[in-house]
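The structure appears right after this line, and notes come after that.
The values are calculated or read from the model by the stated rules, or taken from the named source; none is laboratory data. Here the structure is a predicted model, which is why all the values come from computation and not from measurement. Heads up, the Cβs are rebuilt from the backbone with ideal geometry, glycines too, and the neighbour counts pull from every protein chain shown.
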Amino acid sequence: MKFIVHNLRMIRARLRSNGWVLAELFLVFIVMWFLCDSLGCLKYTFYRPLGYNIDHVYRLTTIIGGATSDSNFDKCRQISVH
């Protein structure tokens, strides 16, 4: 029994002298926990599926207005090319 009490006293004395080291380790643990958690959440939201399939999806633009719009489009195209 004396041996156990003696060991507990030694452990308590060492904890007092190394209290700042333990506090620093705890603080670093908390900071690293928040950093890893936030980076993990960012990675998860970046790589998760969009909810729809974007294969074979194309953008189609049309010109409305018939021949007059087509002729105006060609004139604007010629001006921008030169």
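Criterion first (assigned to a helix (DSSP H, G or I) and either at pLDDT below 95 or surrounded by 10 or more Cβ atoms within 10 Å (Cβ to Cβ) (or both)) does L22 satisfy it? It would help to see each step written out before you state the result.
Details: assigned to a helix (DSSP H, G or I): yes; either at pLDDT below 95 or surrounded by 10 or more Cβ atoms within 10 Å (Cβ to Cβ) (or both): yes.
Yes: the conditions hold for L22.
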Just checking, does region 36-48 include any residue being surrounded by 10 or more Cβ atoms within 10 Å (Cβ to Cβ), assigned to a helix (DSSP H, G or I) and at pLDDT below 80?
no
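Taking V31, is it modelled with pLDDT of 90 or more and within 35 Å of the chain's Cα centre (by Cα)? So that I can check it myself, show each step before the final result.
Details: modelled with pLDDT of 90 or more: yes; within 35 Å of the chain's Cα centre (by Cα): yes.
Judged against the criteria, V31 is a match.
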Restrict the check to region 59-80 and report whether at least one residue is loosely packed, with under 10 Cβ neighbours inside 10 Å, at pLDDT 85 or above, of a type in the set (A, V, I, L, M, F, W, C) and in a helix (DSSP H, G or I).
no
